[in-house]
Amino acid sequence: MPFTLPWSWSADFQKQTCTVLSNLGYKVFCIMEEDAKHFLKTDTKKYEEIPGITFFRPVFFLPFQRFFIIQKINLTANYFLLNLRYFFNKKIIWIFDPQFYNFPNFFTNKISLYDCVDYHDSINKNVRNSFRNQEKKLLSNVDFVFTNSKTLQKIHISTRKDIIVVPQGFKAEQYKINSATWNKNSKKKVIGYIGGINHRFHFYLLYKLIRNNPQWQFMFVGKIQNDEQDKFFKTKEWLGILKSLPNTSWLLAKNAKHLSELIQQFSIGIIPYDVRQPLNKYSYPMKVFEYLYHSVPIISTPIEELKQKKFKNLIYLANTAKSWQRKIVSRLNNELNKSEKEIAKKISEQNSWSKKVTKIIKHLGLPTY
């Protein structure tokens with residue numbers, strides 16, 4: 001499994017997939033391209049020690065790794081050496097990113113798949129076009145294609161007809177509900193968000209909503225991110241404005257247990273994504289299931305995948321600060337009943353990581369040991 005992001009990135013779909021695969025009895029090789037090192041230098045990079053998971057850092061033999069062509073030559077050499085080492089082993093080539101469209105061609109005795117969990121997009125037109133071209137090649141090159149949403153299946157169906165929709169995947173096994181931690185009777189109702197804090201936010205909507213409703217406390221739990229897109233959308237400046245509002249709080253969860261305790265304080269879970277960005281419009285946020293698992297109703301901008309009938313009464317969609325305010329008031333006055341909580345829990349449990357990965361493995365015709 002080739003990686004483009006760090007092992008412990010906030011969107012940890014690769015980490016969770018590897019963990020489930022190792023629990024099912026598979027030996028997992030994580031190829032950490034971003035951590036490539038010179039073959040003469042001592043490897044000081046440390047990763048978690050997890051049974052069944054090996055972290056492979058490509059080594060580069062030719063100098064001037066900063067040049068694209070040199071980088072590709074070095075990586076190709078690594079893939080061939082890796083294939084030689086495990087030439088006789090049955091391999092699953094598990095790909096998440098379009099840039100690895102040619103990856104299956106380096107290995108023998110393999111099954112390849114594209115696990116499509118995002119709509120790949122960029123503000124840079126050249127990068128966006130590159131994503132499109134690479135993804136089309138990847139869709140054609142692999143043996144199987146899986147998407148975590150009907151929306152992504154619909155987008156790619158013109159390129160590949162036999163796309164299989166699987167559960168979204170979220171870490172249900174790591175959460176334990178503890179009613180003793182609940183704090184929903186405080187004077188201020190908590191309107192909460194979990195996840196990466198970045199350019200995906202509809203900042204103007206949030207600003208108006210928070211400023212106009214001092215009676216509610218808005219809690220944001222997650223890491224603040226800063227990449228090229230954040231600079232373009234002025235994330236840092238907007239966060240400065242939001243943080244100046246007295247009814248906001250910004251936290252980091254220490255672990256899954258702490259995150260669960262924080263979610264249990266929410267009266268409403270929010271997904272304030274700017275759907276003018278295609279990345280957001282065609283997304284399927286994992287936080288949907290984290291909220292539902294904790295019986296927290298959701299207010300979201302109109303993300304395509306959240307328009308499904310199964311989310312009726314569980315997710316309210318709105319696209320302006322005024323409509324958000326009305327939906328929040330309505331939701332606070334009408335908490336989820338027992339039946340709706342049971343439906344929410346069932347939907348979330350059906351989308352655990354183990355259910356997603358096991359379903360993929362079965363489609364490949366392989367054992368789960």
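For the chain, relative contact order (Cα pairs under 8 Å, six or more residues apart, normalised by length) works out to 15 percent.
Rounded to the nearest 20 debye, the dipole size of the chain about its Cα centre is 820 debye, using +1 on the Cβ of Lys and Arg and -1 on the Cβ of Asp and Glu. By definition, a body whose alpha carbon gyration tensor gives a ≥ b ≥ c is prolate when a/c is 1.5 or more and a/b is larger than b/c, and the chain fits this prolate description. Here the relative contact order of segment 103-182, from alpha carbon pairs under 8 Å that lie six or more residues apart, stands at 28 percent.
A Förster radius of 22 Å, combined with the Cβ-Cβ distance separating His38 from Ser140, puts the computed FRET efficiency at roughly 0.05.
Toward the positive end of the charge dipole of segment 172-349, with +1 on the Cβ of Lys and Arg and -1 on the Cβ of Asp and Glu, the farthest Cα among Ile303, Asn334, Ile268 is that of Asn334.
Ordered by the count of other Cβ atoms within 10 Å of each Cβ, fewest first, Trp353, Trp250 give Trp250, Trp353. For segment 242-369, the relative contact order is 21 percent, taking Cα pairs closer than 8 Å that sit 6 or more residues apart in sequence and dividing their mean separation by the residue count. If R0 is 41 Å, the Cβ-Cβ spacing of Lys188 and Lys150 corresponds to a FRET efficiency of close to 0.65. Computed over the chain, the per-residue total of -39500 (n - 2.57) for DSSP H runs of n ≥ 4 gives a 222 nm mean residue ellipticity of -10500 deg cm²/dmol, rounded to 500.
Modelled this way, with points 7 Å down the Cα-to-C-beta line, the labels at His258 and Arg276 are 3.6 nm from one another. The gain in end-to-end length when the Lys234 to Asp162 segment is fully stretched comes to 21.9 nm, 0.36 nm per residue minus the alpha carbon separation. For Lys37, a cut-off of 18 angstrom between C-alpha atoms picks up these lysines, skipping any fewer than 8 places away in its own chain: Lys45, Lys46, Lys72. Shape class for segment 172-349: rounded, because the ratio a/c of the largest to smallest gyration tensor axis (alpha-carbon atoms, square roots of eigenvalues) is under 1.5. Under the shape rule built on the C-alpha gyration tensor, where the axes satisfy a ≥ b ≥ c, segment 67-109 is oblate, since a/c reaches at least 1.5 while a/b does not exceed b/c.
Extending 7 Å from the Cα toward the beta-carbon at both Gln225 and Lys309 defines two label points whose distance is 3.4 nm.
Between Trp250 and Thr320, residue separation times 0.36 nm minus the direct Cα-Cα distance comes to 22.9 nm.
Using R0 = 56 Å, the C-beta based FRET efficiency linking Glu49 and Asn126 works out to 0.90. Return the subset of Lys154/Lys359; Lys90/Lys356; Lys125/Lys223 for which the Cα-Cα distance in this structure is over 23 Å, preserving the input order. Check vs 23 Å cut-off fails for Lys125/Lys223.
Which Cα, out of Asn109, Leu209, Ile347, lies furthest along the positive dipole direction of the chain (beta carbon charges, K/R +1, D/E -1)? Most positive-ward Cα: Leu209.
Please give the contour-minus-distance gain from Phe88 to Leu5: 0.36 nm per residue of separation, less the Cα-Cα distance, rounded to one decimal in nm. Residue separation times 0.36 nm, minus the Cα-Cα distance, leaves 27.0 nm.
Coordinate-derived values only; no laboratory data. None of these values were measured; they are calculated from a predicted model. Note that each Cβ is placed from the backbone with ideal geometry, even for glycine, and that neighbours are counted across all protein chains shown.
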